[in-house]
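What follows draws every value from the coordinates through simple rules; no lab data is involved. Given the structure is predicted, the values throughout are model-derived calculations rather than measurements. Using ideal geometry, Cβ is built from the backbone for each residue, glycine included, and neighbour counts are taken over all protein chains shown.
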Amino acid sequence: MTTKARIRLGVITDEFFDLNLGRMGGFGWAARQVARLFAEDPSLGVEVVYMASQIPASKERSETTSHGRRVILRRTTRLANMLAARRESFDLLLTIDYNLAHSVWMRSLPRTPCIVWIRDPRTPDDAEKIHTLRIPDAPDETPQGLSCYDGRSLATIAREAQCLGRKLLFATPAPHLAAKCEGTYGFEPWDIHLLPNAVHMKTARAGDQRFVKSPRPSVAFLARLDPYKRPWVYTAIARRFPDVEFFLLGQSHFQGPGSWAPVNLPPNMRALGHVDGDEKFRILSAAWVTINTSIHEGLAISLLESLACETPLLSCQNPGFVTSRYGIYTGRYDGDGMGSLDSFGNGLQMLIDSPAMRRDLGRSGCQWVESVHSRPNFHEKFRALCRRAGVTP
C-alpha cells in the first residue's frame, strides 16, 4: 500500500551530487540526502521535487530526474518559472544554502512557506581570504572556482515575506554559522533554528567491530580536487611520509589554466576518483586520520563522515571548533597553503605515534555525529520547522 504524501516539498538547489548534473559538492550531498531520507521511509509523508536554480530548460526538456526525484529546470522568463512552480502545488520550500539564482523560485511562490537552510554563508572577510588562493606551480593564474555569491538579495526577500505574511524560516546545520549571516546577507535573521545534516552511521553486526583500522598507517582526503580544496598540500604532505599510505578521494571539476590535476603523485598515494557508498565508508573506516587542506569550510561533510567512522581530523580549518575537539587544528594558512606543511607534518606524526589519542578522538567524534548529525535528529528538527511554518508533518 502506497502512503499518500502529506507534504509536497520543493528543494531549491544548484547542486545534486549527480555526475550527470554537475559537480559533487557538499550542497549536492545535502540535496541528495533530503531526497533519500524521505524516499526510504514513505510513512514520513514527504514527497520531494527538486527545483534547479541554474540548469536551464530547453524546448526539448523542461525537467529531468536525479536520485529518483523529478528535477524542474529553470525557465527563461519569470512568468514561465512562476507557472511551472505553481503547477506543483508545493506546501513547503527548502533551499540548499542561498544565492541570487535561488530567488527566482522563491519569488515564483511568494506566499509558500520556505526554509532557508544556511550551509556556508561567506562574509566579505571570507571572500577576501578565499581570493588569496594561488596554485604553487602557476602563481600568475587565477584559480578556477573561487566565486563567492552576493547573498544580500535575501534581505529583500525577507522584507517581502514580512509584508506578505509569508513564513520564512532560517536554519543551519551548525550554530557557529549563524554569526556570519548578517555579514553575508545584509540583515540579521530574526530567528535561526538547527537543522542538522543526516550522516549515514555504520551499524555493527553482532560480534563485529564497526571500524577496523588498517594495519599500516593510512590517511584519507575526501573532497573535490579543485583549487579551493588545495589538494597539492595533501600531496606535499604525502611526500614527507613515504611509509604512510595516502588515499585521494575526489575528482576535479575544472580543466585548463587555473585548475589542478592529480598527476606526478608520490608512490605512496592512490588517486581513486569519485568514491561513494560502502567503498567510501570502508576507506574512511580503515584510515587512521582524515586530512583537510581547504582554504575555507562551512562545516565540511567529509569531516562529519570521517568522524562517523571514528577517524580523527587533521585540518587547517576549525569550523565550530570541530577539528580542535576531534583532531588537531594546524592553524590558519591563506594563499597556496604550502606554509602549513610543518604544522601538518607535526600533527600527523603526533597522531600516528599516539594510538590512544586517535582512538579517543575518533570515538568521541563518532558519538557527537551520532547524537547531533543523525537521521533521527534531522527528522525531529525538520518536523519542528514544519510546524513553525504552519505545515502539518
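Take the Cα of ARG359, step 7 Å along the line toward its Cβ, and report every residue of segment 303-325 whose backbone nitrogen sits under 16 Å from that point.
Label zone hits: 310-312.
Among DSSP beta bridges lying fully in the chain, give the percent that are antiparallel, nearest 5. The partial results should precede the final answer.
On the way: 5 of 47 bridges.
The antiparallel proportion sits near 10 percent.
Can you give the calculated 222 nm mean residue ellipticity of the chain, where each DSSP H run of n ≥ 4 adds -39,500 (n - 2.57) and the sum is split over every residue, rounded to the nearest 500 deg cm²/dmol? Intermediate values should be presented prior to the final figure.
Working: 13 runs with 134 residues, N = 393.
Computed mean residue ellipticity for the chain: -10000 deg cm²/dmol.
Which of the aspartates and glutamates could be linked to LYS180 by a straight reach, that is with a Cα gap under 18 Å, when you skip same-chain ones fewer than 8 residues away?
The reachable aspartates and glutamates, counting only those whose Cα sits under 18 Å from LYS180, are ASP97, ASP120, ASP125, ASP126, GLU128, ASP150, GLU188, ASP191, GLU297.
Take peptides 256-264, 275-283, 108-116 and line them up by average Cβ neighbours within 10 Å, highest first, as a rough protection proxy. Don't skip to the answer; put the middle values down first.
Numbers: 256-264: 13.2, 275-283: 14.8, 108-116: 20.4.
Packing proxy ranking, top to bottom: 108-116, 275-283, 256-264.
Taking the Cβ of LEU92 as the centre, find all other residues whose Cβ is under 10 Å away and add up their charges (Lys, Arg: +1; Asp, Glu: -1).
Numbers: positive: ARG8, LYS167; negative: ASP91.
Summing Lys/Arg as +1 and Asp/Glu as -1 gives +1.
Compute the acute angle (0 to 90°) between the alpha-carbon long axis of helix 277-286 and the principal axis of greatest extent of the alpha-carbon atoms of the chain; round to the nearest 10°.
Approximately 30 degrees, to the nearest 10.
Taking the Cα atoms only, what angle lies between the long axis of helix 153-164 and the longest principal axis of the chain, rounded to 10 degrees?
Between the helix axis and the principal axis of the chain, the angle is about 30 degrees.
Could you quote the convex hull projected area for segment 1-151, Cα atoms only and averaged over all directions, in nm²? Display every interim value, and only then the final one.
Details: hull surface 44.6 nm².
If you wrap the Cα atoms of segment 1-151 in a convex hull and average its projections, you get 11.1 nm².
What do the square roots of 5 times the Cα gyration tensor eigenvalues come to for segment 223-371, in whole Å, largest first, as semi-axes of the equivalent ellipsoid?
Those come to 22, 17, 16 Å.
Just report the Cα centroid separation between segment 251-311 and segment 66-104, whole Å.
31
If you count, for each residue, the other Cβ atoms within 10 Å and average over each peptide, how do 97-106, 372-381 line up from highest to lowest?
Numbers: 97-106: 21.5, 372-381: 16.8.
With the highest mean Cβ count within 10 Å placed first, the list reads 97-106, 372-381.
If one takes the longest principal axis of the Cα atoms in the chain, at what angle in degrees, from 0 to 90 and to the nearest 10, does the Cα axis of helix 26-40 lie?
60
Under 13 Å from the Cβ of SER252, count the other residues' Cβ atoms, weight Lys and Arg +1, Asp and Glu -1, and hand me the total. Walk me through the numbers before you get to the answer.
Working: positive: ARG23, ARG224, LYS229, ARG230; negative: ASP226.
Once positives and negatives cancel, what remains is +3.
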